[in-house]
Amino acid sequence: MATLEERFRGCLLGLALGDALGAPYEFYRPEEIPTGDRLVGRFGRVMDLPVGTVTDDTQMAVALARSLVERGRLDGEDVAWQFARLWQQGTVIGPGLACSVAVGRFLGGVDWHKAGCGEGRAGNGAAMRVAPVGLLRFRTPAALVEDARTQSIVTHTDPRAVAGAVVVARAVAWCVEGEHVDAQEFVEELARAADIDCPEFGEYIRKLPQWLDAPEEEAVAEIARAGQPTFTDRVITPFVVPTVLAGLYTFLRSPRDFGQSVGRVIRMGGDTDTTAAITGALSGSLNGEAALPQHLLPRLREGRHRPNLVEELRHVADQLHRLATQT
């Protein structure tokens with residue numbers, strides 16, 4: 001079994017790998033996405049950027065992690081500044097609209113706790129980056145909830161977006177500390193976490209066991225329209241409810257196999273960089289760095305800005321591990 005330190009590394013590296021593997025297929029339809037080794041055995045190209053490039057999912061997760069390490073706690077204003085620097089420096093890759101709006105407001109002088117997009121803007125931006133909170137607070141559930149909420153409201157204040165961030169952080173904490181995943185117990189724990197801010201979200205999470213037993217095509221269709229009953233397409237939109245459900249579903253289908261889990265969620269189509277980032281973070285948290293595709297790790301990069309990202313991810317993960325386990 002992986003050590004705790006290896007799981008911390010696996011979480012951030014798995015997130016980045018999922019992000020980079022999913023990014024080339026963002027907003028593709030399922031039938032347009034390749035299968036097998038072409039999908040998860042090598043990186044595709046994103047725009048004119050080098051292969052292996054991550055997106056804002058990884059960049060904002062690393063920014064959050066840096067803030068936690070430097071401050072030793074969750075400091076909302078510092079998190080906002082860490083995010084804002086990505087926009088100020090022009091290095092953010094493929095940012096979401098809500099995050100861009102919130103950062104723009106913050107840079108325009110709005111207080112960090114008031115700059116986030118409000119109710120009705122329930123995108124997945126807060127959930128995609130929250131994994132470092134799950135690592136830091138893996139032994140303190142109440143602090144985990146508070147910190148996941150705080151980092152969420154920097155950009156998203158809709159209760160569904162907040163609940164999605166809490167759920168992903170709690171899932172990371174569960175995986176990083178557990179030796180195995182009992183699906184029913186795992187799902188109920190996450191549903192209770194969602195209930196705090198959005199009971200409807202909790203009820204969708206409780207449907208995961210029945211979706212796991214259903215034919216995959218039926219399950220994916222149900223997940224795609226979760227929380228948006230009039231939606232009829234079979235792709236995972238940036239709406240936080242289907243995004244988080246897709247990540248949980250594909251992780252639970254193959255909790256010990258990064259390639260299967262990440263490949264399955266990418267083949268759902270839609271917001272593939274984010275769904276794969278969340279799935280990859282969960283798989284890495286449970287299984288550790290050694291269970292990730294080793295041939296891909298050296299090629300992870302932050303566009304042309306940072307060509308060797310993997311060592312930074314390891315370093316930040318180790319710093320979080322020391323902070324989380326200090327007595």
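Here, each number is a calculation from the coordinates, and none is a lab measurement. What you see is a predicted model; the values in this text were computed from it and never measured. Note that we place each Cβ from the backbone using ideal geometry, even for glycine, and neighbour counts take in every protein chain shown.
Taking θ as phi - 60° and the Karplus parameters 6.51, -1.76 and 1.60, the scalar couplings of segment 22-32 work out to x, 4, x, 10, 4, 6, 6, 8, x, 6, 8 Hz in sequence order, x denoting glycine and proline.
Applied to segment 121-130, the Karplus parametrisation 6.51 cos²θ - 1.76 cosθ + 1.60 on θ = phi - 60° returns per-residue 3J(HN,Hα) values of 10, 9, x, 9, x, 6, 6, 5, 10, 7 Hz, with x for Gly and Pro. Shown is the FRET efficiency for Glu200 and Thr232, computed with R0 = 25 Å from the Cβ-Cβ distance and rounded to the nearest 0.05: 0.80. Of Val244, Ala20, Pro199, which is farthest along the charge dipole of the chain in the positive direction, counting Lys and Arg as +1 and Asp and Glu as -1 at C-beta? It is Ala20, whose Cα lies furthest towards the positive end. Label separation (Arg45 vs His295): 2.0 nm, computed from points 7 Å beyond Cα along the C-beta direction. Each Lys and Arg adds +1 at its Cβ and each Asp and Glu adds -1 at its Cβ; summed about the Cα centre, segment 4-325 shows a dipole of about 700 debye. The calculated FRET efficiency for Gln319 paired with Thr140, based on their beta-carbon distance and R0 = 25 Å, is about 0.90. What the Cα convex hull of segment 54-162 gives, in volume per residue, is 87 Å³. Hydrodynamic analysis of segment 247-327 uses the Kirkwood radius over alpha carbon pairs. Inserted into Stokes-Einstein at 37 °C and 0.692 mPa s, it gives a translational diffusion coefficient of 238 µm²/s. Under 5 Å between amide hydrogens, built in the peptide plane, is the criterion, and for Arg306 it picks out nothing among residues at least 5 positions away or on other chains. Applying 0.36 nm per residue to the separation of Glu32 and Arg71 and subtracting their alpha-carbon distance, the gain on full extension is 9.6 nm.
In the chain, taking the dipole from charged Cβ atoms about the Cα centre, the farthest positive-side position among Thr140, Gly227, Gly44 is held by Gly44. Extents of segment 115-240, taken as max minus min of Cα coordinates on every principal axis and listed largest first, are 39, 37, 20 Å. Modelled label positions at Glu119 and Arg256, each set 7 Å beyond Cα in the direction of Cβ, lie 4.6 nm from each other. If you average the alpha carbon positions of segment 142-207 and of segment 258-327, how far apart do those two centres end up, in angstrom? Centre-to-centre distance over Cα atoms comes out at 20 Å. Sequence-distant contacts, meaning Cα pairs under 8 Å at least 6 residues apart, place the relative contact order of the chain at 32 percent. In order along segment 98-115, phi translates into HN-Hα couplings of 4, 5, 5, 4, 5, 5, x, 5, 4, 5, x, x, 6, 4, 4, 7, 10, 7 Hz, rounded to whole numbers, per the Karplus curve 6.51 cos²θ - 1.76 cosθ + 1.60 with θ = phi - 60° and x for Gly and Pro. Most tightly packed first, judged by the mean number of other beta-carbon atoms within 10 Å of their residues, the peptides 97-109, 155-167 read 155-167, 97-109.
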